[in-house]
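K.L.:
What follows is a single structure, and I will ask about it in a moment.
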Amino acid sequence: MPDGYAPSGDDRVFYRDRGSGQAVIFIHAGVADSRMWLPQLEKAPSGFRYVAYDQRGFGNSAVGNTKFKAYEDALAVMDYLAIESAVLVGCSMGGGVALDVAIEEPQRVEGLVLIGADSPGFEAKPFQSPQWPDVVRAFEAGDFDRVADLEAEIWLAGHGRDIGDVDPEIQEIFKEMDLVALRNEERREELEQPGPERATGILEVDTPTLVMVGEYDLPSMHENAHDLASKLSRRAPTVIEGTAHLPSLERPDALNTALVGFLDSLT
């Protein structure tokens, strides 16, 4: 099916739609957009419908002047595409959105795949990337190119390796995605942030869940992954080797293998 736009509130949300069958919705990280899932969409296995969308203020989805909640975009895309229920795959911020859908509309979620996501109500040991003070200064100065370069070091290279270890083409697409997100930062003021109810709501989530984290992701993300796994999957998180926060781009084959294995376990 072709790509298109789904109405969401007073705005429109861009989506990419591939394949047919069991629906799988991909929700991107806060430094990315639906392009981070192209290696998955291009390999959608037979019998599955893969859909990735740009949250409002990211990629091709503009953001208007009305209050909204991030999970409403996921539901809007599902409604528009006549998807009653789906497996939700969320990375980082997208993992939080997937959890919110599972909390608010549990009957619409057949499974969860959470990658490098925060665990609501959990406080990891304090850790600050050495680049962070420079990120703040560059953002306040409006130097988004510099911010994107620094965030690539934090999230793409990760903890324990250098940005030079990452494929230049992946660095390029990361920067393209992150620059759009950064330039829309102020326009996303209408986004209503989840409250403390997410921390209690997660305890009610009862759906098959796979938790994953990149080998080189930040120490705090590894701690969050273990906490999420203890709450939701009752097994240790799957560690994707040779990648940091965005394994979908860097290690697509490894992620695809883990994802398809999980999807097959649901049938």
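K.L.:
Looking at the range 58-84, which of its residues are in contact (Cβ under 8 Å) with a residue 40 or more places away in the chain, surrounded by 21 or more Cβ atoms within 10 Å (Cβ to Cβ) and out of contact with any strand residue (DSSP E or B) (no Cβ under 7 Å at 6 or more places or on another chain)?
P.N.:
Scanning the range 58-84 gives a single hit, PHE58.
K.L.:
Out of all the residues in the range 210-227, which are of a type outside the set (Phe, Trp, Tyr) and over 15 Å from the mean Cα position of the chain (by Cα)?
P.N.:
Scanning the range 210-227 gives GLU215, LEU218, PRO219, SER220, HIS222, GLU223, HIS226, ASP227.
K.L.:
Right, another one. Just to verify a result, which residue in the range 176-195, among those that are touching a residue at least 60 places away in the same chain (Cβ under 8 Å) and more than 19 Å from the chain's Cα centre (by Cα), is nearest to ARG35 (Cα to Cα)?
P.N.:
ARG187
Matching residues to (1) within 17 Å of ASP100 (Cβ to Cβ); (2) among the hydroxyl-bearing types (Ser, Thr, Tyr):
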{"site": "PRO7", "(1), (2)": "no, no"}
{"site": "ILE27", "(1), (2)": "yes, no"}
{"site": "ALA44", "(1), (2)": "no, no"}
{"site": "PHE48", "(1), (2)": "no, no"}
{"site": "TYR53", "(1), (2)": "yes, yes"}
{"site": "SER61", "(1), (2)": "no, yes"}
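K.L.:
Continuing with this model, one more query. How many of the residues making up the range 16-57 are over 14 Å from LEU255 (Cα atoms) and without any contact (Cβ under 8 Å) to a residue 60 or more places away in the chain?
P.N.:
Residues in the range 16-57 being over 14 Å from LEU255 (Cα atoms) and without any contact (Cβ under 8 Å) to a residue 60 or more places away in the chain: 15 in total.
K.L.:
Mind checking which residues of the range 125-158 are without any contact (Cβ under 8 Å) to a residue 60 or more places away in the chain and among the β-branched types (Val, Ile, Thr)?
P.N.:
Within the range 125-158, VAL135, VAL136, VAL147 qualify.
K.L.:
From the residues in the range 34-63 that are in a loop (DSSP other than H, G, I, E, B) and under 19 Å from GLU172 (Cα atoms), which one is nearest to the chain's Cα centre (by Cα)?
P.N.:
Checking each candidate, the answer is ASP54.
For (1) modelled with pLDDT of 95 or more; (2) outside any strand (DSSP E or B), each residue gets a yes or a no:
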| position | (1), (2) |
| --- | --- |
| PHE14 | yes, no |
| ALA32 | yes, yes |
| ASN65 | no, yes |
| LEU75 | yes, yes |
| ALA82 | yes, yes |
| ASP100 | yes, yes |
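K.L.:
Answer yes or no: is there a residue in the range 165-175 that is part of a loop (DSSP other than H, G, I, E, B), in contact (Cβ under 8 Å) with a residue 60 or more places away in the chain and touching a His at 6+ places or on another chain (Cβ under 7 Å).
P.N.:
Looking through the range 165-175, none of the residues is part of a loop (DSSP other than H, G, I, E, B), in contact (Cβ under 8 Å) with a residue 60 or more places away in the chain and touching a His at 6+ places or on another chain (Cβ under 7 Å).
K.L.:
Also: For the range 227-267, name all the residues that are in a helix (DSSP H, G or I), free of Cβ contacts under 8 Å to residues at least 12 places away in the same chain and not acidic (Asp, Glu).
P.N.:
Residues satisfying the conditions are SER230, THR257, GLY261.
K.L.:
Does the range 115-143 hold any residues that are hydrophobic (A, V, I, L, M, F, W, C) and either surrounded by fewer than 19 Cβ atoms within 10 Å (Cβ to Cβ) or more than 19 Å from GLU197 (Cα to Cα) (or both), and which are they?
P.N.:
ILE115, PHE122, ALA124, PHE127, TRP132, VAL135, VAL136, ALA138, PHE139, ALA141, listed by residue number.
K.L.:
Oh, and also: Can you spot a residue in the range 177-184 that is under 30 Å from ILE103 (Cα atoms), polar (S, T, N, Q) and out of contact with any His (no Cβ under 7 Å at 6 or more places or on another chain)?
P.N.:
Yes, that holds for at least one residue.
K.L.:
Can you tell me which condition GLY214 does not meet? The list is (1) of a type in the set (Gly, Ala, Ser); (2) touching a residue at least 24 places away in the same chain (Cβ under 8 Å); (3) out of contact with any His (no Cβ under 7 Å at 6 or more places or on another chain); (4) closer than 22 Å to GLY95 by Cα, and all the others hold.
P.N.:
(3)
The values are calculated or read from the model by the stated rules, or taken from the named source; none is laboratory data. As the structure is a prediction and not an experimental result, all values here were calculated from the model. Positions of Cβ are generated from backbone atoms using ideal geometry, with glycine treated the same way; all protein chains shown enter the neighbour counts.
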